Every structure is written in structure tokens, then in C-alpha cells.
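The values are calculated or read from the model by the stated rules, or taken from the named source; none is laboratory data. This structure is a prediction, so every number in the text was calculated from the model and none was measured. Cβ: placed from backbone, ideal geometry, glycine included. Neighbour counts: every protein chain shown.
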Amino acid sequence: MTATNQFESVFARWMQAPSAFSFWKARVAFYSVLKTLGISPGDEVILSGYTCVMNVNPIKYLGAKPVYVDIEPDTFNINPNLIESKITPKTKVLLAQHTYGYPCDMDKITAIAEKHNLTIIEDCCLCLGSTYKGRKMGTIGKAAYFSFQWNKPFTTGLGGMLITSDELLAKEIQRLRDTEMVQPSLKEVILLAAQLAVYRTFIYPRTTALAQQLFRFLTKKGVVVGSSSSAEFEPIMTADFFKAMSSVQIHSGLNQIKKAEQNIAHRKEMALLYDQLLVQKGFPPRQYDKSVIDPVLVRYPLRIKEKDKAIEQAASAGVELGSWFECPLHPIETPLEKYDYISGMCPEAEKASRETINLPLHPRASKKTVYRTVEFISQFSPAK
Ligand SMILES: Cc1ncc(COP(=O)(O)O)c(C=O)c1O
């Protein structure tokens, strides 16, 4: 058994899925499933208007149209009550992105998909270990994909995994990989290995903001393997997009997955601590239905006033504040109209972009980090 097969089967077993397929990044996994489903020009894919542009690229690469639906303010997930008005005879896929780790309302989404004969794909890039009515996220839709990029629930530097319980789909994905997938270059693999070593040694909550600035600068200069190249900010597929996971990522993944349950337990414990401390500081408690969902958050989202000021001050105070989905199709540089997003289309998503920061929960964020972070953030008021 190759190391690739080993990682895929360990992941599949852990997710209780019959098959798993690894890729260079999660966006490649998403592309593989859309292509296998035969998504082509004229088709429409429904997704949340609070996402990452790299998630929209695969839809555009295949000539299909992304159709955005606004979010629910509490969970930051697609609002199921708004989906049906966006369905047309061309709609083929409904993408359920479990944002920050909160599971989408899968009962409503499944009912809509069944009524209109749509395929559900789950985007689990920010969601590892969350459950919906006791079921692991990723096991409800026809297929689901996970990301192991730097900020994700666990990291192999870059990386993506697809799971499916549909035998036919699995066969077709394997066929696509056999015929079209390319290998990463030696330079990419060596750079990624070096970056992973630096990350594991030097990146801690106090150094994150500085490291991120340096990483973005070096990515633009082409000196490091960035999460996204500048070519990926255009909806045109590059020749080497459909790439396999490298041996460096596989070995890192095999190590990380051993610690996954511990990682999940840590995230839940730290999220509860944030809950307690933030309420003491006058922030409203999180709102979600505890009898239905058990979220494992990738980062702890919080709405505040004066978000820009907080982020600026946090960097100099050595406090790790994140800001994701700074526009409906993160990051902020995205030319929205090229991706069929018109300003004002998803008002709740745009409001969330303006107000929401996220707090660290990863294994290097200790209780002390949580106390420091809350102390810092309590200088700011909650956004209403
Ligand atoms: C919600 C979501 N889906 C998909 C992706 C794409 O993941 P990857 O960078 O592994 O391609 C991202 C990237 O950050 C994301 O935030």
C-alpha cells in the first residue's frame, strides 16, 4: 500500500466513509467532483454568498454559473429559506458550506435538494468533527471535501481530501485522477516542506500576524508556495491546477490525523472558555440549536464594532485576530463582478464581512491565549 493510499484509507475510516481521495488543495477536490458530475456551461451551482473565491473558481472553470444565497446571521451559513427562490431548471448542485465549523441546516437543505433533484456537496473545509443530529459533517451529501491549508482544522501546509459514499462517483473520480491529474513540481514540494518546518517551529499566537504579513509578501514575490497564486484570482484554470497531493503533505497528514480527536477536544474546550469569558465581558451568547448541532469551530467568530481598528491594534499587541470573508468572496481583492456577484446581493453576508473577526482555537492556542485574547477584545463593543 502506498503512503497516499494509507492516508486516504485512514481518513476514510475515521470519517466512516467508503472512499477518500487526496488532492493538492481542497479546491481541486471540489473541481474533481463537479467535473465528474458533468457540470458544464449553462449549469448553475447554488452556494453561500459568504465564501472564499477559491471555492467559486472550480464552478467558473467548468463554465457554470455560481448563484449566491445570503446567510443566516447566527451561524454564518446559507439561509435555507432563501434557496428555493434561486432555483431554476439549470440548477444542478447545492453546496452546503459549514462556515467556521457550524453545520448547515441539513434537514431543510436535504428536503429542498430532494424536491428539485439537486446534488448536495458539503464544503467541510472549516469543519472537521462537527455533527448534525449525531452524524459527522461530510457524510450527508453525495460528496464532501476538506482542506488542510494553514488555517484549517489541521494542516499539511496545503491539501484537500474528498469523501463520498457513492460508488459510481468514486469510480469516476478515480478515472479522472488516473487520466488528468498532474504531480506537483519538485520545487513546490521542497518549498512546502521547508515552509511546514518553519511553521511548526516558529508560528505561535503572538507571532502569527507578523508571519502572515511576511508570508503574503513572499507569496506575491513568488518565493514561497502560497495558498493561492495571483493567477487564481482570475476565473481561468491554469494548466497545472488539477494536482495531486505530494508525499510531504501525505506524511504530514498521517501524523496530524493521529492527533485529530485531541485537536477537536481542545477546540471544544477553548470555545467554551471563550463563551464564558465573553459573556462576562458583555458579549451576547452564541445562538445555535444545541439539540441538533454539535459544532467544532475552526476559529471562534465574533461580531464587533470598529473591526478594522481592532485588527490593526491586535497586530502590534501580538494578539492573533483573524478576519475571513472580508468580502462575500474572500479575499477583498476579488473582482466580484467576474464571479457574477453584484454588490448588495447578500446583505447579511456583507454585514458579517464588515463586523466579524475570528479568535484562535488551534492546538497552539492555550487557555492563556484565550484569556489574553478576550482581555484585548473587551476594549471593543459587540456589534448589534
Ligand atoms: C470555505 C472554504 N472552502 C474552500 C476553500 C478552499 O480550500 P483550499 O485552499 O484547500 O483549496 C477555502 C479556502 O480557504 C474555504 O475557506
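State all residues of the stretch 108-118 that are touching a residue at least 24 places away in the same chain (Cβ under 8 Å), within 18 Å of R135 (Cβ to Cβ) and not aliphatic (A, V, I, L, M); if no residue qualifies, say none.
Hits for the stretch 108-118 are K108, T110.
So, of the residues in the stretch 69-102 that are under 17 Å from the mean Cα position of the chain (by Cα) and within 19 Å of P235 (Cβ to Cβ), which turns out to be surrounded by the fewest Cβ atoms within 10 Å (Cβ to Cβ)?
Q97
Assess whether T131 counts as being farther than 19 Å from P328 by Cα and buried (at least 17 other Cβ atoms within 10 Å of the Cβ).
When the stated conditions are applied, T131 does not pass them.
Which one of these is in a loop (DSSP other than H, G, I, E, B) and crowded, with 16+ Cβ neighbours inside 10 Å: F376, F325?
That would be F325, the only listed residue that is in a loop (DSSP other than H, G, I, E, B) and crowded, with 16+ Cβ neighbours inside 10 Å.
Given (1) over 30 Å from F154 (Cβ atoms); (2) of a type in the set (S, T, Y); (3) within 12 Å of the ligand (Cβ to nearest atom), identify the lone condition not met by T88.
All conditions pass for T88, except number (3).
I'm trying to understand the selection: among the residues of the stretch 307-322, which are in a helix (DSSP H, G or I) and either in contact with an Asp or Glu (Cβ under 8 Å, 6 or more places away or on another chain) or surrounded by fewer than 19 Cβ atoms within 10 Å (Cβ to Cβ) (or both)? Break it down stepwise before answering.
Of the stretch 307-322, the ones in a helix (DSSP H, G or I) are 307-317.
The answer is K307, D308, K309, I311, E312, Q313, A314, A315, S316, A317.
Take the conditions free of Cβ contacts under 8 Å to residues at least 12 places away in the same chain, of a type outside the set (V, I, T) and either in contact with a Gly (Cβ under 8 Å, 6 or more places away or on another chain) or surrounded by fewer than 22 Cβ atoms within 10 Å (Cβ to Cβ) (or both) and apply them to K136. Does it pass?
Criteria not met by K136.
Name the residues in the stretch 9-54 that are within 16 Å of the ligand (Cβ to nearest atom), farther than 28 Å from T75 by Cα and either free of Cβ contacts under 8 Å to residues at least 12 places away in the same chain or not polar (S, T, N, Q) (or both), would you?
F21, F23, W24, K35 - these are the residues of the stretch 9-54 that are within 16 Å of the ligand (Cβ to nearest atom), farther than 28 Å from T75 by Cα and either free of Cβ contacts under 8 Å to residues at least 12 places away in the same chain or not polar (S, T, N, Q) (or both).
I'd like the residue in the stretch 215-261 that is of a type in the set (D, E, K, R), part of a helix (DSSP H, G or I) and at pLDDT 95 or above and, out of all such residues, is farthest from F21 (Cα to Cα).
Here is the first cut: in the stretch 215-261, the residues of a type in the set (D, E, K, R) are 216, 220-221, 232, 234, 240, 243, 258-259, 261.
Now drop any that are not part of a helix (DSSP H, G or I), which leaves 216, 220, 232, 258, 261.
Checking which are at pLDDT 95 or above leaves us with 258, 261.
On the way: K258: 18, E261: 21 Å.
Of everything passing the filter in the stretch 215-261, E261 is farthest from F21 (Cα to Cα).
Any residue in the stretch 237-253 that's touching a residue at least 12 places away in the same chain (Cβ under 8 Å): show its pairings with residues that are among the aliphatic types (A, V, I, L, M) and assigned to a loop (DSSP other than H, G, I, E, B) at Cβ separation under 6 Å, as long as the two are six or more apart or on different chains.
F242/M181; A244/M181
Mind checking whether some residue in the stretch 170-181 is modelled with pLDDT of 80 or more, within 22 Å of L47 (Cβ to Cβ) and not charged (D, E, K, R)?
Within the stretch 170-181 (the criterion being modelled with pLDDT of 80 or more, within 22 Å of L47 (Cβ to Cβ) and not charged (D, E, K, R)), the answer is yes, since at least one residue qualifies.
Could you list all residues from the stretch 109-152 that are more than 21 Å from S32 (Cβ to Cβ) and within 12 Å of the ligand (Cβ to nearest atom)?
W150, N151
Between a first residue in the stretch 73-86 that is on the phi < 0 side of the Ramachandran plot and a second residue that is crowded, with 22+ Cβ neighbours inside 10 Å and of a type in the set (S, T, Y), which pairs have beta carbons less than 6 Å apart while being 6 or more apart in sequence or on different chains?
Pairs found: T75/Y102; N77/T99; N77/Y102; I78/S48.
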